[in-house]
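Below is one structure, written out as structure tokens; the observations come after it.
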Amino acid sequence: MTPRIVRVAFALTLVAACAFAAPGAEVVVLKDGFVVQGNPRKEVERVTDKATGVSVPIVKNSSYDMIDEGPKTTIFSTHARQPGVVGPDVKLRPATKGYSQKFTGIKSSHDLPAAGTTTKVGEFNAKWVRQLFVTTPDSRAETVIDQQIVYMDPYYIDVFSATHKWRLTFRTAEWDAKQVRKLLMMHPELAESDGKCDPLKRVALAKFLLDAGWLQFAKDEVDRLKRDFTGEMAKDAKEQYEALLKDIDQNTAERYAREAELSLAAGRYKYTRDLLAQFPEKTAGAKEVARVARVTAELKTGQERYDTGRRLLRSIIDEVRGMGTVNARVAACGGLALATWVPPKGATGQTLDLAAAGEQVYAELHQDSAVRIETFVTLASEAERARAQGRGPTKKPEELLATAVSGWARGKNGASTDPETAWRLWAAREAVLAYQRAETLNDRTAVLGRYKKNIALGTDELAQIISLLPPAVPEDLLNRTGKPVPLGAVRESGIYRRTTLPVAGYATGVDYLVKLPPEYHHGRAYPVLIVLPSPGANPEDMLAPLAAEADRYGYILVVPEWTSMFGRGWEWKGDDHIFVTAALRDAVRHVTVDNDRVFMIGFGDGANMAMDVGMSHPDLFAGVIPMGPVPKWNGVFMYYWQNAQKLPFYVVTGAQSVDSLTNLKRIYDNWMPLGFPAMMSVYKGRGLEWYSAETPVFFDWMSRKARANGTSTLAGLTGPRKPWVTHRETDNHFYWLQVDGIDPKNLQRPNGYPAEIIGDIRGNNIVDVRSRGVTRVTLWLSNDMIDWSKPVVVRLNGGTPNGYRPKVLEPNLEVLLEDYYERGDRRMLYLNKLEFATIP
């Protein structure tokens, strides 16, 4: 592992001079179930005794909680803790064996070079010492840095320098397993000095590799032991060897169980079946057998539901269309017999339209969504049994088909046996999709006119239909659009470069990369991870460490190609947010996105972009993961930190990233006392770099998150709620509150103060909104925000808006459809809006 030289100074950071250790290890379970394990820390400040002049550290009365995990310190709000004891199902990091080397001693105490390039990395010797050779721009001579590994266990590695003021730590998983094995083989406790195979040492080596997560390497070590040692093992060696074999069996079974659970949750049903077929039940423990049994039962139930629904739907479509005799001819004469099909006598145009709709349902049906036709399956099964028993069915074929079509369009509870109702629901569905595909306002107006004339469902019914829609322009999964992009040596990577529709400032659209998870299907909604690389880095390369975990968890990856547009990195301009918002909107048009689970990760300047976009548009995301950001405090986050009150952050940085930590601490000093849903991991002695070991950690973190709705208050928030702030006209939508105009004096400038808006829905249908520096506001109203049968009272800055009187509001079709067209958000739908001018 070659560290990158970044800064010379050592920061007085949260993880160095500002923290005291509390005795004893601790396991902390946060309110979302995320687990942090290590030694507690408390933030401290130094107080000088005026009488003696002695400076002493005092524990600071703050809301920071810190856990020293070894390679890093994890920081979170005290208010985020889950009360009570740790439950038996919480997976903990087990105690493991570590190996130490005696430090060779301090030779000198130089500062690290301010910036430099590592030109050569020496090999570690038997004392785990090596040298780094670094060149700097201001010196022709090479700087030689001695490094020594002083401690290594399966979780982390501790490295000291004998020549420079530098201590750094790594997750063991960041290192190459072969290199770690080589180092361990040189350690006095494991080295075989006489060249003879020592079973105890080999077992200890294999156990280390197993505990580090390198299962195959542990198995390989066991195979080497079998090959190299041919005698009879001593009793203690045999006992440890047999215990190792059991541990390997247990680890193998646990991995199969975990992967099966993940693949099932990710909708990878074929892969789940493969895993279950390979599960080593004979050597697995009872707990893993039970876990796999639950996965097997859930998979079987879902598959049977899907297969039954698909079979019955195919049967009823063919019956309605009179395909029985035609199918017999096809079986005998081939596909040309389809040309003999004619509509059955008495079949109405509406019935044939329902049959066509049924074909669409059949094509879209997925194991995850088969529950939507459950009512149809129940009725069709009853009809099937009645025919088998020689009884007449209680429902006609067209009524059964109507049940399938209506349930698919509106959901299980909206299923109806009335063909007219089903036809209207399906026609409404098609009208909304046509509205989404329309390219101009005139085209959308025409679609709306036809809908009002011929269909006109209730707006609440239409909202239910929208929540279940497929993409407006679904990607052809057999003939992908866009340009294939290789990933390293892998030519068929599944990554495609696409271009959005024209957007503000980019008449030809903006480019982005997209990768779909294995077994993707338009009938299932998938979470999204938006990936923001740093300038100078190939955006395709950043996908490599993320792609495997994204596949495991079933995420769509979206990578906006923004870096080529900027010469100096992220410039903190609201107009540039379009690279993210346009890519997300275009993805929603073509694939099925779960809008409540859209996350964003960035590295370097991409992390700055992620923090800026996230806090400017918090209602779009379920979480943000900036890795190595240097957030701009003055003029940006000194105000915008408030906008993260409902938006979880998981920040990763290094203790030597001085500017990064300084500004992050300013933000967290505001977040932590108020219980904002934020965490930060600070790696000891490290700089601004990609922390590969964090990838499975933040995927676990994301798996516990979903976007907050507009009126919710997150658990853990304390004190009065903060207003949303904005000083850019592009940053104008905060859940149900929209800023349509900002007073010029509140726009972004060196000494400007941003505009603010805050709102609440109180009892008796009172909508209470306060603003400052805002000239116009829009209040978006969703189905569950107000009582639509009672008058709505609006208070704006303490008074009633000019010209407004309390009144009963009706859901507005135009508002619903146009807002859905603009945002493409199926999960956060608004049925009406109120617009007001206000005094800034």
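The values are calculated or read from the model by the stated rules, or taken from the named source; none is laboratory data. Because the structure is a prediction, the values reported are computed rather than measured. Glycine also receives a Cβ, built like all others from the backbone with ideal geometry; neighbour counts cover every protein chain displayed. All accessible areas refer to the heavy atoms of the entire protein, side chains included, with ligands and DNA or RNA removed. Shrake-Rupley method; radii C 1.70, N 1.55, O 1.52, S 1.80 Å.
List of remarks:
- All positions within segment 494-514 that are open to solvent by 20 Å² or more (accessible area, probe 1.4 Å), of a type outside the set (V, I, T), assigned to a strand (DSSP E or B) and touching a Lys or Arg at 6+ places or on another chain (Cβ under 9 Å): G494, Y496, R497, R498, D511
- Of all residues in segment 596-618, exactly one satisfies the criterion of being among the acidic types (D, E), open to solvent by 10 Å² or more (accessible area, probe 1.4 Å) and closer than 17 Å to I578 by Cβ, namely D605.
- Close Cβ contacts (under 9 Å, 6 or more residues apart or on different chains) running from residues in segment 224-237 that are of a type in the set (A, V, I, L, M, F, W, C) and outside any helix (DSSP H, G or I) to residues that are modelled with pLDDT under 95 and open to solvent by 100 Å² or more (accessible area, probe 1.4 Å) comprise F229/K196.
- Boolean, L747 is aliphatic (A, V, I, L, M) and open to solvent by 40 Å² or more (accessible area, probe 1.4 Å): yes
- Any hit, segment 762-779, residues being among the hydroxyl-bearing types (S, T, Y), closer than 15 Å to G710 by Cβ and modelled with pLDDT under 95: no
- Strands (runs of 3 or more DSSP E) enclosed by segment 773-840 - at least 1 residues per element that are within 28 Å of T445 (Cβ to Cβ) and open to solvent by less than 20 Å² (accessible area, probe 1.4 Å): 774-781, 832-837
- All of V808, V815, V774, V767 fail the test of being free of Cβ contacts under 8 Å to residues at least 24 places away in the same chain and under 24 Å from L620 (Cβ atoms), apart from V815.
- The number of residues in segment 575-588 that are within 23 Å of F637 (Cβ to Cβ) and open to solvent by 10 Å² or more (accessible area, probe 1.4 Å) comes to 5.
- One residue from T375, T394 being under 19 Å from G523 (Cα atoms) and of a type in the set (S, T, N, Q): T375
- Verdict on V697 being of a type in the set (A, V, I, L, M, F, W, C), without any contact (Cβ under 8 Å) to a residue 60 or more places away in the chain, within 30 Å of L264 (Cβ to Cβ) and not in a loop (DSSP other than H, G, I, E, B): yes
- From the list A297, A277, the lone residue that is more than 30 Å from Q360 (Cα to Cα), at pLDDT 95 or above and either open to solvent by 40 Å² or more (accessible area, probe 1.4 Å) or in a helix (DSSP H, G or I) (or both) is A277.
- Counting only residues that are of a type in the set (S, T, N, Q), under 40 Å from the mean Cα position of the chain (by Cα) and surrounded by fewer than 19 Cβ atoms within 10 Å (Cβ to Cβ), segment 118-154 holds 5 of them.
- Count of segment 83-115 residues, restricted to those that are under 24 Å from Q148 (Cα atoms), open to solvent by less than 90 Å² (accessible area, probe 1.4 Å) and not in a strand (DSSP E or B), is 13.
- Only residues that are free of Cβ contacts under 8 Å to residues at least 60 places away in the same chain, part of a loop (DSSP other than H, G, I, E, B), under 24 Å from K102 (Cβ atoms) and open to solvent by 60 Å² or more (accessible area, probe 1.4 Å) were counted in segment 169-206, giving 3.
- With respect to (1) among the aliphatic types (A, V, I, L, M); (2) open to solvent by 10 Å² or more (accessible area, probe 1.4 Å); (3) touching a residue at least 60 places away in the same chain (Cβ under 8 Å); (4) outside any helix (DSSP H, G or I), the lone exception for I625 is condition (2).
- Any hit, segment 641-660, residues being charged (D, E, K, R), open to solvent by less than 10 Å² (accessible area, probe 1.4 Å) and either within 25 Å of K42 (Cβ to Cβ) or modelled with pLDDT under 95 (or both): no
- Between G482, G509, G494, the distinction of being within 17 Å of V558 (Cα to Cα) and over 25 Å from the mean Cα position of the chain (by Cα) belongs to G509 only.
- Enumeration of residues in segment 158-168 that are in a strand (DSSP E or B) and either of a type in the set (A, V, I, L, M, F, W, C) or open to solvent by 50 Å² or more (accessible area, probe 1.4 Å) (or both): V159, F160, R167, L168
- Put simply, of P517, P527 the only residue that is part of a loop (DSSP other than H, G, I, E, B), surrounded by fewer than 24 Cβ atoms within 10 Å (Cβ to Cβ), within 14 Å of the chain's Cα centre (by Cα) and not basic (K, R) is P517.
- For beta carbons closer than 8 Å, sequence separation of 6+ or different chains, a first residue in segment 539-551 that is more than 16 Å from G604 (Cα to Cα) and surrounded by fewer than 18 Cβ atoms within 10 Å (Cβ to Cβ) and a second that is modelled with pLDDT under 80 and not polar (S, T, N, Q), the qualifying pairs are A544/G488.
- Residues in segment 755-772 that are surrounded by 19 or more Cβ atoms within 10 Å (Cβ to Cβ) and hydrophobic (A, V, I, L, M, F, W, C): 4 in all.
- The residues listed here are L225, L209; of these, the one that is buried (at least 17 other Cβ atoms within 10 Å of the Cβ) and more than 19 Å from A95 (Cα to Cα) is L225.
- Considering segment 552-569, the residues that are of a type in the set (F, W, Y) and under 22 Å from D700 (Cβ atoms) include one that is least open to solvent (accessible area, probe 1.4 Å), namely Y555.
- Search result, residues across segment 148-157 that are in contact (Cβ under 8 Å) with a residue 60 or more places away in the chain and not in a loop (DSSP other than H, G, I, E, B): Y156, I157
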